[in-house]
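Reading through the structure tokens given below for one structure.
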Amino acid sequence: MPVSSFAPTALLVTGGAGFIGSNFINRFIPLNPGCRVVNLDALTYAGNLKNLTAVEKNPAYRFVKGNIGDSSLVAAILAEEKIDAVIHFAAESHVDRSISGPEIFVRTNVLGTQILLEESRKHWQSGQVSEFRYYQISTDEVYGSLGETGYFTEETPLAPNSPYSASKTGADLLVRAYNETFGMPTIISRCSNNYGPYHFPEKLIPLLIANIIAKKPLPVYGDGKNVRDWLHVKDHAAAIECILKGAMPGSVYNIGGNNEWKNIDIVNLVCDLLDVRLGLKPGDNRKLITFVKDRPGHDRRYAIDASRLKAELVWSPAYTFETGIAETIDWYLANQEWVADVTSGSYLDYYQKQYGGKA
């Protein structure tokens, strides 16, 4: 597939106060001084402006509190800032929450995406910018579940198994439809499981670290043998920039870390590394492991084939899992105030203090 050469000058990032979005912004702004970044975030429970203290005073950065479902606000930002690229991170993303309350996932991930797409289409067709890209951040969960062998490719049929993955699939199909129907220059990337700094402690790795430090049980679904492919969030951020600038409109790329691990092996590894760091006896933290009833529709295995991205856009992960997980654990240990803030909810006050409004 041929590649593009796109250099954005005004970038709208949705959900930029979240885990992946904030890591992307923190990386992108210093490396792209000629591009202004507007971060539109509704500041739901997983959005934390403390993730962005490194760039909040940068004149190339602007934060706007708001929802992607607010068409008037989205239209105003696109026009005022002469946005020539949108990267859509904003989403409800926790599978367990989608099982207990699917409606918000459909409202945010499907309807919200459609509204963002429609306003982006109008802006693109208005002729205010010479080039434009709409970039949808998706997930490998849209492909469903794998057996013991094989990998998800960009041609793998979409077969979501949870309300969360179904809502992301719906969003992907809308993006595809806007490209096919209107010729809108869209891009989609689908990533494997991310880990790294600023991860809200409801997902596996940060939850393990937080619970071990607090000496709480470590819940493991089923037999713990579900397999995931792990990608460091900084490698993901680098891949997103690479795809934004190099992908042809209409492209889909998979992003994976080539790090397949059974959940129980991840749990044991984190336990053992924290035994050493906390000065405990070997095996002490493993005593906290508690097997719990498996969640409904729990996909057995994910594994990404990222060979297209590597071949066409010359990207590859910089982190090994062993290096990345050790660095991640050390980051959480060094940032216990951040962990305490997000688990207590006090981080929500930060918006009010910094921006004079309520989170």
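None of the figures in this text is laboratory data; all of them are computed from the coordinates on show. On a predicted model such as this, the values are computed, not experimentally measured, just so you know. Positions of Cβ are generated from backbone atoms using ideal geometry, with glycine treated the same way; all protein chains shown enter the neighbour counts.
Assorted remarks:
- Filter result (touching a strand residue (DSSP E or B) at 6+ places or on another chain (Cβ under 7 Å), of a type in the set (A, V, I, L, M) and farther than 15 Å from ASP305 by Cβ) within the range 119-156: ILE137
- Taking the range 192-217 as the range and being touching a Leu at 6+ places or on another chain (Cβ under 6 Å) and within 14 Å of ILE20 (Cα to Cα) as the test, the residues that pass are SER192, ASN194, PRO201.
- Where helices (runs of 4 or more DSSP H) fall wholly inside the range 108-219, the ranges with 2 or more residues that are within 19 Å of TRP261 (Cα to Cα) are 204-213.
- When the test is whether a residue is under 23 Å from SER145 (Cβ atoms), touching a strand residue (DSSP E or B) at 6+ places or on another chain (Cβ under 6 Å) and either β-branched (Val, Ile, Thr) or not in a loop (DSSP other than H, G, I, E, B) (or both), ILE266 does not pass it.
- Pairs meeting the criteria (first residue in the range 153-171 and of a type in the set (Lys, Arg), second residue outside any loop (DSSP other than H, G, I, E, B), beta carbons under 7 Å, at least 6 apart or on different chains) are LYS168/ASN109; LYS168/SER138; LYS168/THR139; LYS168/GLU141; LYS168/VAL142.
- Residue match in the range 8-17 (condition: touching a residue at least 40 places away in the same chain (Cβ under 8 Å), part of a loop (DSSP other than H, G, I, E, B) and hydroxyl-bearing (Ser, Thr, Tyr)): yes
- Selection of the range 101-144 for residues being within 25 Å of ARG301 (Cα to Cα), surrounded by fewer than 23 Cβ atoms within 10 Å (Cβ to Cβ) and acidic (Asp, Glu) yields an empty set.
- Here ASN254 does not qualify as part of a helix (DSSP H, G or I) and either over 20 Å from ASN335 (Cα atoms) or in contact (Cβ under 8 Å) with a residue 40 or more places away in the chain (or both).
- Residues located in the range 268-293, provided they are in contact (Cβ under 8 Å) with a residue 60 or more places away in the chain, touching a helix residue (DSSP H, G or I) at 6+ places or on another chain (Cβ under 8 Å) and among the aliphatic types (A, V, I, L, M): VAL270, LEU274, LEU278, LEU288, ILE289
- Which listed residue, of LYS82, LYS57, is without any contact (Cβ under 8 Å) to a residue 40 or more places away in the chain, of a type outside the set (Val, Ile, Thr) and not in a helix (DSSP H, G or I): LYS57
- Every pair of residues 6+ apart whose Cβ atoms lie under 6 Å, when the first sits in the range 294-321 and is closer than 14 Å to GLU260 by Cα while the second is part of a loop (DSSP other than H, G, I, E, B) and β-branched (Val, Ile, Thr): ASP305/THR153
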